[in-house]
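The structure appears below as structure tokens.
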């Protein structure tokens, strides 16, 4: 079905629905009016009948109640008022025991007549309930007036009996008339809406044909804009916009193509081999370095299944297949490999597997698989370069501290040399104080230089493989006596079960104890010293935190400098030595601190392979 037909049909159905709803509401309102009128007339008749009964009782006060209600005038009056309403079936006067004492039908006197359902709740109900009442047969309703004695004791009931069938007879003619009008209105609305829609939506077909011609190149914008054809302005505007969108689409495709080319060139320059598989585990993209591992070009591998490239019979293929099936990620997993088509002596790789995900809420969350193979030697080479850069930066920081310590003695020596020269120029040979100061500063300068030489002298590491949990427990036990004496509690938390590190045990212990001692001294009034260890990929992180005074922001860049200290008796060597030892183990160290809340040092070391 075309768009024009759908719009036309929708407009007709909408108009029909609106007119139909209006007609139904009108019919419902007419039915409600009939029920309201019936209730109003019945209530009026009930009041009139009650007056007739009271008048009859007043005329016959000396006779019993039942005899007084046999008054012929009362019966005639009940019959007269009942005939004024088509919906009222009967007017009865009954005793509290439901015995009819007077009736518009004299033949019903003496009959026991239970009460009927009340009519007012039906009038207040909805249309559905009223329609149900109108369909009922031999079902009556009543309006009742109770007469009471001065002691409020009921002695008579005046009932007006209503037959819904009589209401139906009054409503049906009006409903038929309204229904005919409604049907005519609906048919008229459908016809008018259909004609209007056909005329109004006719240009859509012409516009669709016109756009098809523009898309196929059979009609140019210049031809569209030629004068002498109907609706040319509107078509020209829409066609121009479609043409503009087409040009933008072509530009976007060109940009995507350029971006893909740049992306491919970028990946070709990497040392990693990158494979991207789609949802069906077919290779859709591979970097240029795949030839290094497989000896095949990207064109030869594209389109192949994951199992064809990485065979499940190999350790590499088995791990990739498990990751694709379970969704578990793999990060830099070192694996021995034997690739039959490999070019070069590749004996091991670092494997990483990631899942490519769709947008949130998509029925297929997994959009593909990203597999990356990395040469460990290239990684180590890059790591060594980064370590060299870190050590040069550390050496720069340490040299800055040494320069500061050397500068002060030199300034003092220069100052007292000038003083001695001035004395000698004046003929004063008493320069012993200046020479003594100069001698002391020279000795101090000698100590600074010797300390620096000792600090920078190459250290031969005595490496051994240690279980990280045991090492951290031993470190906490060493700190416990001093911490306990200062009212400091020790908390040890480890999440590195089975993790080993390869370090010089004594040097690393010395480095971490420097941090521990500083933490204890930062809590003179007691506190909490916390040791924790976690593992991220192949890096173990040791955290030593305290609840002391913290490090002021303006001192944080200086704490690892040689000779820098804030303690009156400090040497300024401890944290500088810690920094150097961590660097020698190819690790990193940093810290976070908040004044008044404490400091946390983080030492990160590679795990043992």
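Checked against (1) part of a helix (DSSP H, G or I); (2) more than 52 Å from the chain's Cα centre (by Cα), residue 192 passes all but condition (2). The set of residues from the stretch 136-171 being within 17 Å of residue 115 (Cβ to Cβ), in contact with a helix residue (DSSP H, G or I) (Cβ under 6 Å, 6 or more places away or on another chain) and outside any strand (DSSP E or B) comprises just one member, 164. Checked against the criterion of being surrounded by 12 or more Cβ atoms within 10 Å (Cβ to Cβ), modelled with pLDDT of 85 or more and outside any loop (DSSP other than H, G, I, E, B), the stretch 454-463 has at least one qualifying residue.
Residues of the stretch 526-538 being under 16 Å from residue 594 (Cα atoms) and either touching a helix residue (DSSP H, G or I) at 6+ places or on another chain (Cβ under 7 Å) or at pLDDT below 90 (or both), which ones? The one that is under 16 Å from residue 594 (Cα atoms) and either touching a helix residue (DSSP H, G or I) at 6+ places or on another chain (Cβ under 7 Å) or at pLDDT below 90 (or both): 529. In the set (1) part of a helix (DSSP H, G or I); (2) modelled with pLDDT of 85 or more; (3) in contact with a helix residue (DSSP H, G or I) (Cβ under 8 Å, 6 or more places away or on another chain), residue 489 fails one condition alone, (1).
To keep it simple, each residue is scored yes or no on (1) over 20 Å from residue 597 (Cβ atoms); (2) under 43 Å from the mean Cα position of the chain (by Cα); (3) surrounded by 17 or more Cβ atoms within 10 Å (Cβ to Cβ).
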{"position": "505", "(1), (2), (3)": "yes, no, no"}
{"position": "511", "(1), (2), (3)": "yes, no, yes"}
{"position": "516", "(1), (2), (3)": "no, yes, yes"}
{"position": "519", "(1), (2), (3)": "no, yes, yes"}
{"position": "524", "(1), (2), (3)": "no, no, no"}
{"position": "540", "(1), (2), (3)": "yes, yes, yes"}
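Among the conditions (1) assigned to a helix (DSSP H, G or I); (2) in contact with a strand residue (DSSP E or B) (Cβ under 7 Å, 6 or more places away or on another chain), residue 115 misses just one, which is (1).
For the stretch 84-101, the candidate set comprises residues that are part of a loop (DSSP other than H, G, I, E, B) and at pLDDT 80 or above; within that set, the residue that is surrounded by the most Cβ atoms within 10 Å (Cβ to Cβ) is 95. Set side by side, the residues 123, 133, 181 differ, and just one is assigned to a helix (DSSP H, G or I), touching a strand residue (DSSP E or B) at 6+ places or on another chain (Cβ under 9 Å), over 17 Å from residue 53 (Cβ atoms) and assigned by TED's automatic domain parsing to the domain that holds residue 76, which is 133.
Looking only at the stretch 161-171, decide whether some residue is over 14 Å from residue 86 (Cα atoms) and either at pLDDT 85 or above or in contact with a strand residue (DSSP E or B) (Cβ under 8 Å, 6 or more places away or on another chain) (or both). Checked against the condition, which is being over 14 Å from residue 86 (Cα atoms) and either at pLDDT 85 or above or in contact with a strand residue (DSSP E or B) (Cβ under 8 Å, 6 or more places away or on another chain) (or both), the stretch 161-171 yields no hits at all. Filtered by the rule that a residue be under 30 Å from the mean Cα position of the chain (by Cα) and modelled with pLDDT under 80, the stretch 328-354 gives a lone residue, 331. Could you count how many residues in the stretch 505-552 are over 30 Å from residue 608 (Cβ atoms) and either free of Cβ contacts under 8 Å to residues at least 12 places away in the same chain or part of a loop (DSSP other than H, G, I, E, B) (or both)? Going through the stretch 505-552 one residue at a time, the tally reaches 11.
The values are calculated or read from the model by the stated rules, or taken from the named source; none is laboratory data. Note that this is a predicted model, so its numbers are computed, not measured. Please note: Cβ atoms are built from the backbone with ideal geometry, for glycine as well, and neighbour counts cover all protein chains shown.
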